[in-house]
1. Would you mind computing Rg(Cα) / (2.2 N^0.38 Å) for the stretch 181-248, counting N as its residues?
2. Quick check: residue separation of Glu224 and Ala206 times 0.36 nm, minus the Cα distance between them. What number comes out in nm?
3. Past the 29 Å Cα-Cα mark, which pairs from Lys75/Lys117; Lys178/Lys234; Lys45/Lys103; Lys214/Lys234?
4. Show me the ranking of peptides 64-75, 195-206, 148-159 by mean Cβ neighbours inside 10 Å, starting with the highest.
5. Give me the aspartates and glutamates in straight-line cross-link reach of Lys215: C-alpha distance below 13 Å, same-chain residues under 8 apart excluded.
6. I want the local charge near Lys246. Using Cβ-Cβ distances under 13 Å, sum +1 for each Lys or Arg and -1 for each Asp or Glu among the other residues.
Amino acid sequence: MIKRIIFALPLVGLLWSCDTKEKTRLQAQVDSLHTELQASQATAKQLEDVGVLIDSIDASRQLLRTDVVEGTSYKDYSSRLKSINEHIRQTEAKIAELEKANKNAKASTAGYSATIKRLRNDLEMSTQQIAALQTEVEKMRGENQTLAMTVNQKDSLLNQSTETVRMREQDVANLETKVQEINNTAKMTQADMYFAQAQALETAAARTKFAPKKKKETKREALELYKLSLSLGKSEAQPKIEELEKEVG
């Protein structure tokens, strides 16, 4: 009996050793699967984060475009565009990391590769749309600057025209004043001339031995000349008129 027990002990030890190796091998497989699961979950989380970033980029682009159409300052537009471009750079870096990790993985899955490719295409489309918006805004800004320059030029021309009109109006006013002065001077000169002629006729009628009828006609002519002189502003003619009206009746 003892001999049998002694003979069986090595067999028990061998069986125990085999069982321990199998457990170790199975545990290693479990650990490996657990590690792969964790890596897979991390990759899925990264893919989800990238998708969220791309959606955020697209939403920000659409909102920015709406604000550009409705009206926003160029400073605000530039600041927001800079933020969007920064998100694009971050997303590009994350996709590059995912591509590298998937390429270096021991068991690269077709599902992950397809998802990463789709995300890259979505990012490229968003980038192109941002570039198109930027081109459109720069075009609008250039047109606005040209329009503003045109308006300023027209305002300048209008101001010059207004100044020219004002100067011409002043010239016309000065000319009218000068003409009025000339007219006044001419009237006074004419009045003085009529007054002098009337005086000469009156003197001639008084000194010359005209017939009474002739003298009266001469004084009547003098009276008319005095009246013309008075009508042109020669106030000294008024007493003469009153005097001669009494004489000639």
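Each reported figure results from applying straightforward, stated rules to the coordinates on display, with no laboratory input. Keep in mind that this is a model prediction, so the values were computed, not measured. In this analysis, Cβ positions are derived from the backbone assuming ideal geometry, glycine residues included, and neighbour counts consider all displayed protein chains.
1. Values: Rg = 12.5 Å, N = 68, 2.2 N^0.38 = 10.9 Å.
That works out to 1.14 for the stretch 181-248.
2. Values: separation 18, 0.36 × 18 = 6.48 nm, distance 1.68 nm.
Length difference between fully extended and current span is 4.8 nm.
3. Values: Lys75/Lys117 35 Å; Lys178/Lys234 21 Å; Lys45/Lys103 18 Å; Lys214/Lys234 27 Å.
Correct reply: Lys75/Lys117.
4. Values: 64-75: 12.1, 195-206: 16.8, 148-159: 10.0.
Packing proxy ranking, top to bottom: 195-206, 64-75, 148-159.
5. Glu202, Glu247
6. Working: positive: Lys216, Lys219, Arg220, Lys240; negative: Glu242, Glu243, Glu245, Glu247.
Net charge around Lys246: 0.
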